[in-house]
Amino acid sequence: MNYYYITGTSRGIGKAFAEHLLENPSNNVIGISRQRSINHPNYRHYNLDLTDVDLIADFKFELHTNAKKIYLINNAGSLGFIKPVGKLDASIIIKNYTLNLIAPSVLTNSFINCYDTTDAEKVIVNMSSGAGKTPIDGWAVYCASKAGIDMFSRVVDEEQKIRAQHPSSNIHKGFKIFSIAPGVVNTDMQNEIRKASKDDFSRLENFIEYKVSNQLLEPATISRKYFNILENVTGIKDVLSSLKDYE
Ligand SMILES: NC(=O)c1ccc[n+]([C@@H]2O[C@H](COP(=O)([O-])OP(=O)(O)OC[C@H]3O[C@@H](n4cnc5c(N)ncnc54)[C@H](OP(=O)(O)O)[C@@H]3O)[C@@H](O)[C@H]2O)c1
């Protein structure tokens, strides 16, 4: 059996990916989000608010003794409010970093700790974004948290490579980690972007144009692309990439 822990399964990319995986009866999905929108015999849900640091720290992965594959997909994310620094609410800054950066970091730590001696294929996928590489006004916390998750992923990858050189490392398989950007996807996140005030966000017209001219990719298309790439993780060359790199 295969086990996929996915955050943010109530809508958007996370929901589409979970539904795609559930088409195969060998796959089990354990979803985490504040709302539940999937009902399937192989789906289990944790109603968790990933801005609550105590809940994140307490989350326990289960030992799956029959597992062939165990994946953690840190997908849940939010832009928070689109406003320039100086006009942001302190509590929103804190919650947004917690959701986008602290939650995936803490879950990755627990995941590696839990499955360290498990002999399955173990993969962590973080949702990267072009916003982690390019400054976008009004998105400071989002850009910084995506840059942070990219570097976090690179460090974990480095640690796993160093560990693989250790003589005792043959006993158990190590972990693979990737931070992959999806491109611009037709989800609620894009709805939120289009609702921003022009005064707070210079690129508002560009994002309205993406929608009007049908440039947004559908979550089902994106999730199929993630699935195809993750079917052969040995073919993924870099920790950081974008779905566009595989076209
Ligand atoms: N859409 C794009 O164009 C785009 C581009 C680049 C990167 N991304 C990244 O892709 C990922 C998914 O984005 P999306 O567009 O699919 O977003 P979305 O449609 O807004 O869905 C976000 C998901 O995250 C969950 N979530 C939000 N706040 C949460 C909280 N406090 N606790 C637990 N779960 C929470 C939501 O569930 P609940 O509300 O039920 O909790 C929902 O399932 C994000 O990491 C995003 O940064 C998206």
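The values are calculated or read from the model by the stated rules, or taken from the named source; none is laboratory data. Please read all numbers here as calculations on a predicted model, not as lab measurements. All Cβ positions, glycine included, derive from the backbone under ideal geometry; neighbour counts span all protein chains shown.
Remarks
- Complete set of residues in the range 69-119 that are within 20 Å of ASP199 (Cβ to Cβ), of a type in the set (Gly, Ala, Ser) and touching a residue at least 12 places away in the same chain (Cβ under 8 Å): GLY80
- Condition check for ARG194: at pLDDT 95 or above and either surrounded by 17 or more Cβ atoms within 10 Å (Cβ to Cβ) or farther than 24 Å from ILE149 by Cα (or both): yes
Here's the yes/no breakdown for (1) within 11 Å of the ligand (Cβ to nearest atom); (2) on the phi > 0 side of the Ramachandran plot; (3) crowded, with 17+ Cβ neighbours inside 10 Å; (4) basic (Lys, Arg):
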{"residue": "ILE124", "(1), (2), (3), (4)": "no, no, yes, no"}
{"residue": "ALA131", "(1), (2), (3), (4)": "yes, no, yes, no"}
{"residue": "ALA140", "(1), (2), (3), (4)": "no, no, yes, no"}
{"residue": "ARG163", "(1), (2), (3), (4)": "no, no, no, yes"}
{"residue": "PHE175", "(1), (2), (3), (4)": "no, no, yes, no"}
{"residue": "SER179", "(1), (2), (3), (4)": "yes, no, yes, no"}
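- Scanning the range 198-233 for residues that are surrounded by 14 or more Cβ atoms within 10 Å (Cβ to Cβ), of a type in the set (S, T, N, Q) and outside any helix (DSSP H, G or I) turns up nothing.
- Of the residues making up the range 20-39, at least one is near the ligand (Cβ under 8 Å from one of its atoms) and buried (at least 22 other Cβ atoms within 10 Å of the Cβ).
- One residue stands out in the range 40-54 among those that are aliphatic (A, V, I, L, M) and near the ligand (Cβ under 9 Å from one of its atoms): the one that is farthest from LEU101 (Cα to Cα), namely LEU48.
- Within the range 142-161, considering residues that are among the hydroxyl-bearing types (Ser, Thr, Tyr) and within 12 Å of the ligand (Cβ to nearest atom), the one farthest from VAL233 (Cα to Cα): TYR142
- Only one of the numbered conditions (1) out of contact with any Asp or Glu (no Cβ under 7 Å at 6 or more places or on another chain); (2) farther than 21 Å from ILE13 by Cβ; (3) modelled with pLDDT of 95 or more is not met by PHE201, and that is (1).
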